[in-house]
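The next block holds one structure in the form of structure tokens; read it before the comments.
The values are calculated or read from the model by the stated rules, or taken from the named source; none is laboratory data. No experiment lies behind these values; they were computed from the predicted model shown. Glycine also receives a Cβ, built like all others from the backbone with ideal geometry; neighbour counts cover every protein chain displayed.
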Amino acid sequence: MVNFHDGFAFVGGDAYHDLTMPMTEGYEAMSMKSAVRDFLSGMGVDSRGRRLDTILAWSDDALELRHDFIQWLFPLEQASRFNPGAPVLAPADFAELGRDEGVVAGLRAAFRRMLAFYGLTLRGPEVVKAENWAVRSANWAWSPTHNDLRITRILHSLALFGLHSEAAALLRFVETLFSETSLQQGRAEALRYWRDALKPEAFSQ
């Protein structure tokens, strides 16, 4: 299985921002599957007591500076090295939650918010540049940042939940973007990780 937390430089001195906050009382008694279902469905909170709609309403600056939310928006089957309170799900959990309409709606809302954060939007089935592209792309598209790791997580998590079309659309966009720019070579490592996130072997046990 590909490890999506190692092997990629984590950029940013504030990587551990807010991780010293205590977990919400009683949270640890919940199963991870139930906690994720409640959170993504908008009926529960994450390990810091925050609701999905609260996080999705954060400004772009807040999303950039905080590093303990992305693991809840897009859970994986592996533990996070940066957020000890992040959920870890089993393959059967992803299969079950991927059939839950509330969970899928929450995932899609989180995906749309992160696309906007990156200066992107959905147009039909495709990911395309949004009106804020020129401003937001400077934050991630042209050089390695911690957002490379976030995008890897987003791609893999979407696929784990069965949202393959959304994951493929994002990958197609970045592949096209880098094929059209002189920076293709400089972003080859990121592109390799993003492609690896959707390869069949990334989902082996």
Original post:
Do the conditions hold for ALA86, that is, is it modelled with pLDDT under 95, loosely packed, with under 15 Cβ neighbours inside 10 Å, under 20 Å from LEU158 (Cβ atoms) and not charged (D, E, K, R)?
Top reply: no
Subject >> One residue from ALA190, ALA138 being more than 28 Å from GLU96 (Cβ to Cβ), in contact with an Asp or Glu (Cβ under 7 Å, 6 or more places away or on another chain) and not charged (D, E, K, R) >> reply: ALA190
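If the requirement is being within 20 Å of ALA190 (Cα to Cα), of a type outside the set (Asp, Glu) and surrounded by fewer than 18 Cβ atoms within 10 Å (Cβ to Cβ), which of these qualifies: ARG136, ARG81, ARG150, ARG123?
Working: ARG136 fails: surrounded by fewer than 18 Cβ atoms within 10 Å (Cβ to Cβ); ARG150 fails: surrounded by fewer than 18 Cβ atoms within 10 Å (Cβ to Cβ); ARG123 fails: within 20 Å of ALA190 (Cα to Cα).
Answer to the selection: ARG81.
Can you confirm whether region 109-121 contains a residue that is modelled with pLDDT under 95 and touching a strand residue (DSSP E or B) at 6+ places or on another chain (Cβ under 6 Å)? Before the answer, list the steps.
Of all residues in region 109-121, those modelled with pLDDT under 95 come to none.
No, because not a single residue in region 109-121 is modelled with pLDDT under 95 and touching a strand residue (DSSP E or B) at 6+ places or on another chain (Cβ under 6 Å).
Please determine whether any residue of region 163-172 is small (Gly, Ala, Ser), over 26 Å from GLU201 (Cβ atoms) and within 14 Å of the chain's Cα centre (by Cα). Step through it out loud before you land on a result.
Here is the first cut: in region 163-172, the residues small (Gly, Ala, Ser) are 165, 167-169.
Still in the list and also over 26 Å from GLU201 (Cβ atoms): none.
Checked against the condition, which is being small (Gly, Ala, Ser), over 26 Å from GLU201 (Cβ atoms) and within 14 Å of the chain's Cα centre (by Cα), region 163-172 yields no hits at all.
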Subject >> SER31 vs. criteria on the phi < 0 side of the Ramachandran plot, buried (at least 18 other Cβ atoms within 10 Å of the Cβ) and modelled with pLDDT under 95 >> reply: no
Original post:
Quick one: how many residues across region 160-205 are modelled with pLDDT of 95 or more, closer than 19 Å to THR121 by Cβ and among the acidic types (Asp, Glu)?
Top reply: 1
Original post:
Assuming LYS33 fulfils every condition listed in (1) in contact (Cβ under 8 Å) with a residue 40 or more places away in the chain; (2) of a type in the set (D, E, K, R); (3) assigned to a helix (DSSP H, G or I); (4) over 15 Å from LEU160 (Cβ atoms) apart from one, which condition is it?
Top reply: (4)
